[in-house]
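So that we are looking at the same thing, I have put the structure below in structure tokens.
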Amino acid sequence: MSFQRIIQFVIDYKKNIALLLAIAMIIGSVQTLRLLTVDNSLGIWFLENNATYQEYLTFQEEQGSDEIVIVMIPTENPLAEHHISKLEQLHLQIDTLAYVKSSFSLANAKYPIYSNRKLFYRNIYQADRNRENIEKLLDDLPALSRQLISDDKRFSFFYLRLIPANQIEHRSQIIAHIKTIIESTVGQSHVSGAPVLGEAFNETIYSESIFFAVLSVAVILALLLFLLPHWHYLPIALLSIILPVSITFGLMTSMDYPLNLISMLIPTILMIYSVSDFIHIVNIFHIHRKENPLQTNIEHIKNALQKSLKPCFYTTLTTIIGYLALVLSPLPAFKIMGVFTFIGMIIAFCLVYVIAIIGFTFLDKKSMNTNVRKINISALIQKNNYWTSHYNKTILGLGILIFIFGIISLFSIEVSTNSLDLLGKGKVKNDLEIIEETLAGSIRLQLNISSTEEASLLTGNVLRKLKHFQEKLDDNPLIAHPISIVDFQSFLEDRMPTFSKFNTTSFEKVFKNKQEESNAFFSLIGDNFSYLAININTKELPTKDLKPLLKAIETDFKNTFPEETYHLKIHGFSPVFAQLNTFILQTQFRSFGAAFLISFCILFYFIGQFKMSLLALIPNLLPLFSAFIVMYLFGIHLEAANAMLAPIMLGVAMDDTIHLINKFKYYQSLNLSTTESIDKALDYTGGALFSTTISLVCGFLIVGLSGVASVSTFGCLCAFTILAALLADVCFLPALLKRFK
């Protein structure tokens, strides 16, 4: 079926089609409001078959969860009876919660006693014990004490560990309930930890999505009033923008895909591109009506939309390729973003034409008598044409310099994701900073040491090595409060000289004969003594610091324990998070490589000449290299949020190129010279190029207003790249064609 017949079909059945679209929009909106969830849990960032991720999940289930909530409680005297009483009340309420595995504070912290060849554990704080004795106990257990009371004695710490759960859709109620209990029991406190941060990420995503949606509609409305030929086109434009978003999100939520840090950008992106397509279509339609006043309105619709189809189709195709290329990313969050943006843009492209056809049939002749409202750029284009003809060597030279410095910058950009940059400003972020400054860490890591031999791990020789290894860890400025069994061994030896005889014999019988659990919040010995563990704390570190830290831990271990006999396994979130660097690089190379090859094939098919296709492709790389230079100069890392910049912006940059080349080919078919053809093509398309660039830049600047640093940086980089793409198309491409075509 030809496009003209499709147009006629839509016109003939416009009422039925309009009714179906209205129903689709209502269903999509209802489904979105009813089913929309937010999930920024670990599962969306790692594939299920990833070995490190699977090890982390196994560790969570078998050895304990690092889903720890940290409460920093202000107090005038952490050893005062009334303060301990509050902590005990908090334990009573927290420990009865079904989703809490254990809790820990000064109120239930224990110390070991060795008697009759057995270990007993007693509470450090006892009401009948005098203050001096309690302080002496804490001084003798410094690794434990530093995690219970701040150095200035102005705060005490309460910890609770949640039962492991990868999915966190219902964590909002859990965290809210925990915070309510804390506030009602001990008053205002600083609360942080992995579960709290996870829920804060989700709240940030939800609030940012609403912010983007409202601001996008407001900005787009202002843009449309400025860029459209007449306000009569405004209702049609708004429908062509809102309908694709509603249907796409209805489809996404119906398929049980929650919103995450990346996919929250989909509505804004769809609205931006719908505006761009509609502006191109309506400008061509409006000019055609003015140039052909004797044609009927149906003829205007058929001829104008037919004229707009080819360039708009190819620009949409190159754009969606950039998003579809994200499917090649190893990160599930990017796959979801790529698939649903791809689907949404196909829906948007089709619906823009359907809604335009239906809407244009209702336009009266008043809208035909107004001029296209656009920026007056005729003088600027004439100057630009003069510059590209007389100074093309200079322009090309500047372009080559950008390419050279861009390549240098690309290999100089650090790859690193800082989780704090993914968190919006607010109390949660402030509490985290305060806790990390006071406690020197909020992230738990468990270092498990095992042996390939069947000999006991509780020999004096092994424990001496363990102590030496722990001392090395304590010297690392990025590690805080390492604690292991040797802390309790040293405590017992200092207080009970008879216990020291076990340095040369086995400790197994001693620990097998223990009468009760120790501080169960720390895993110090594995079941059946299969491993010894050191628990350490670190701050929320960017991935560029995590890898060296993990490497330093492994190096210290190898320098202490014989590698052929003993093995170290580092458990916790940090080793998994550190892998993001690798996945980000894979995303860039795979997605950009695929987008580059497919886009060039599309460009070659559209142009039909290899040399000219190659010349047209070069300016589309220039904006990307410009973005790399900006990232290097401003110290912007390649991270989780901007890992999709290159493939997406390559597709966007090609849009203006295709519109310009489309008119260039037309004028060349009239036997005009290369210079005349490109100058006339730029003169004809200049208004549309500037209009769509303005809409795209404004759209991505909305993202740049995000309160999340990483998302804001991504939006600003996209806006800059789009501006650079316009300059490359109106300056570098004409100079290139005039020089080499």
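The values are calculated or read from the model by the stated rules, or taken from the named source; none is laboratory data. The structure displayed is predicted, hence computed values, not measured ones. Note: ideal-geometry Cβ built from the backbone for every residue, glycine included; neighbour counts use all protein chains shown.
Name every residue in region 444-479 that is under 22 Å from Gly526 (Cα atoms), aliphatic (A, V, I, L, M) and not in a helix (DSSP H, G or I), in order of residue number.
The answer is Leu445, Leu447, Ile449, Ala455, Leu457, Leu458.
Is it fair to say Leu251 is under 22 Å from Ile6 (Cα atoms) and in contact (Cβ under 8 Å) with a residue 40 or more places away in the chain?
Against the criterion (under 22 Å from Ile6 (Cα atoms) and in contact (Cβ under 8 Å) with a residue 40 or more places away in the chain), Leu251 does not qualify.
A follow-up question, please. Go through (1) of a type in the set (Ser, Thr, Tyr); (2) surrounded by fewer than 22 Cβ atoms within 10 Å (Cβ to Cβ); (3) modelled with pLDDT under 90 one by one and return the number of the condition Ser442 breaks.
Of everything listed in (1) of a type in the set (Ser, Thr, Tyr); (2) surrounded by fewer than 22 Cβ atoms within 10 Å (Cβ to Cβ); (3) modelled with pLDDT under 90, Ser442 misses just condition (2).
If you take the residues in region 704-722 that are in a helix (DSSP H, G or I) and under 13 Å from the mean Cα position of the chain (by Cα), which one is farthest from Ser419 (Cα to Cα)? Full working, then the answer.
Let us first name the residues in region 704-722 that are in a helix (DSSP H, G or I), namely 704, 709-722.
Cutting the leftovers down to under 13 Å from the mean Cα position of the chain (by Cα) gives us 709-715.
On the way: Ala709: 10, Ser710: 9, Val711: 12, Ser712: 14, Thr713: 14, Phe714: 15, Gly715: 18 Å.
Here the answer is Gly715.
Quick one: which strands (runs of 3 or more DSSP E) sit completely within region 87-156 and have at least 2 residues that are farther than 17 Å from Val486 by Cα? Spell out the reasoning first.
Working: elements: 100-104, 110-115, 118-123.
Per the criteria, 100-104, 118-123.
All but one of (1) closer than 24 Å to Arg590 by Cα; (2) touching a residue at least 60 places away in the same chain (Cβ under 8 Å); (3) not aliphatic (A, V, I, L, M) hold for Thr692; state the number of the condition that does not hold.
Looking at each condition in turn, Thr692 falls short on (1).
Ala51: within 34 Å of the chain's Cα centre (by Cα), without any contact (Cβ under 8 Å) to a residue 24 or more places away in the chain and on the phi < 0 side of the Ramachandran plot, yes or no?
Details: within 34 Å of the chain's Cα centre (by Cα): yes; without any contact (Cβ under 8 Å) to a residue 24 or more places away in the chain: yes; on the phi < 0 side of the Ramachandran plot: yes.
Yes; evaluated as a whole, the condition is true for this residue.
Is region 633-653 home to any residue that is surrounded by fewer than 24 Cβ atoms within 10 Å (Cβ to Cβ) and over 27 Å from Pro330 (Cβ atoms)?
So far as region 633-653 goes, yes, one or more of its residues are surrounded by fewer than 24 Cβ atoms within 10 Å (Cβ to Cβ) and over 27 Å from Pro330 (Cβ atoms).
So, of the residues in region 523-567 that are touching a strand residue (DSSP E or B) at 6+ places or on another chain (Cβ under 7 Å) and among the hydroxyl-bearing types (Ser, Thr, Tyr), which turns out to be farthest from Glu62 (Cα to Cα)?
Thr565
Name the one entry in Phe9, Phe46 that is out of contact with any His (no Cβ under 8 Å at 6 or more places or on another chain), aromatic (Phe, Trp, Tyr), more than 30 Å from Leu524 (Cβ to Cβ) and not in a strand (DSSP E or B).
Values: Phe46 fails: more than 30 Å from Leu524 (Cβ to Cβ).
Matching residue, one of Phe9, Phe46: Phe9.
Is there any pair with a first residue in region 306-317 that is in contact (Cβ under 8 Å) with a residue 60 or more places away in the chain and a second that is surrounded by fewer than 21 Cβ atoms within 10 Å (Cβ to Cβ) and among the β-branched types (Val, Ile, Thr) whose Cβ atoms are under 6 Å apart and which are 6 or more apart or on different chains, and what are they?
Close Cβ pairs satisfying both conditions: Leu317/Ile602.
Yes/no per residue for (1) surrounded by fewer than 21 Cβ atoms within 10 Å (Cβ to Cβ); (2) modelled with pLDDT under 85; (3) outside the structural domain of Phe360 (by TED's automatic domain parsing):
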position: Ser207; (1), (2), (3): yes, yes, yes
position: Met252; (1), (2), (3): no, no, no
position: Leu261; (1), (2), (3): no, yes, no
position: Phe285; (1), (2), (3): no, no, no
position: Glu291; (1), (2), (3): yes, yes, no
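Does Ser416 fit the bill of being under 30 Å from Tyr632 (Cα atoms) and surrounded by 16 or more Cβ atoms within 10 Å (Cβ to Cβ)? Spell out how you get there, then give the answer.
Details: under 30 Å from Tyr632 (Cα atoms): yes; surrounded by 16 or more Cβ atoms within 10 Å (Cβ to Cβ): yes.
Spelling it out, Ser416 is indeed under 30 Å from Tyr632 (Cα atoms) and surrounded by 16 or more Cβ atoms within 10 Å (Cβ to Cβ).
So which residues in region 409-443 are over 30 Å from Ser207 (Cα atoms) and without any contact (Cβ under 8 Å) to a residue 60 or more places away in the chain?
Selection gives Phe411 alone.
A follow-up question, please. Return yes or no: is Ile536 surrounded by 20 or more Cβ atoms within 10 Å (Cβ to Cβ) and under 25 Å from Val730 (Cβ atoms)? It would help to see each step written out before you state the result.
Working: surrounded by 20 or more Cβ atoms within 10 Å (Cβ to Cβ): yes; under 25 Å from Val730 (Cβ atoms): no.
So Ile536 fails the test.
Same structure, new question: Can you tell me which residue in region 125-158 is surrounded by the most Cβ atoms within 10 Å (Cβ to Cβ), limited to those that are over 26 Å from Asp475 (Cα atoms) and acidic (Asp, Glu)? Give the derivation first.
Here is the first cut: in region 125-158, the residues over 26 Å from Asp475 (Cα atoms) are 125-134.
Of the ones still in play, those that are also acidic (Asp, Glu) are 128, 132.
Numbers: Asp128: 4, Glu132: 8.
Residue satisfying both the conditions and the ranking: Glu132.
Okay, moving on. Could you tell me whether region 583-595 includes any residue that is within 30 Å of Tyr666 (Cβ to Cβ), among the aromatic types (Phe, Trp, Tyr), free of Cβ contacts under 8 Å to residues at least 60 places away in the same chain and in a helix (DSSP H, G or I)? Step through it out loud before you land on a result.
Let us first name the residues in region 583-595 that are within 30 Å of Tyr666 (Cβ to Cβ), namely 595.
Next cut, among the aromatic types (Phe, Trp, Tyr) only: none.
No, that holds for no residue.
Can you name every residue in region 660-685 that is crowded, with 23+ Cβ neighbours inside 10 Å and not polar (S, T, N, Q)?
Answer for region 660-685, where residues must be crowded, with 23+ Cβ neighbours inside 10 Å and not polar (S, T, N, Q): Leu660, Ile661, Phe664, Ile678, Asp679, Ala681, Leu682.
A follow-up question, please. Can you tell me how many residues within region 151-187 are basic (Lys, Arg) and modelled with pLDDT under 80? Step through it out loud before you land on a result.
If we filter region 151-187 for residues that are basic (Lys, Arg), which is where we start, we get 153-154, 161, 171, 179.
From the residues that got through so far, the ones that are modelled with pLDDT under 80 too are 171.
Number of matching residues: 1.
Let me ask something additional. What single numbered condition from (1) more than 29 Å from the chain's Cα centre (by Cα); (2) in a helix (DSSP H, G or I); (3) modelled with pLDDT under 80 fails to hold for Pro229?
Answer for Pro229: the failing condition is (2).
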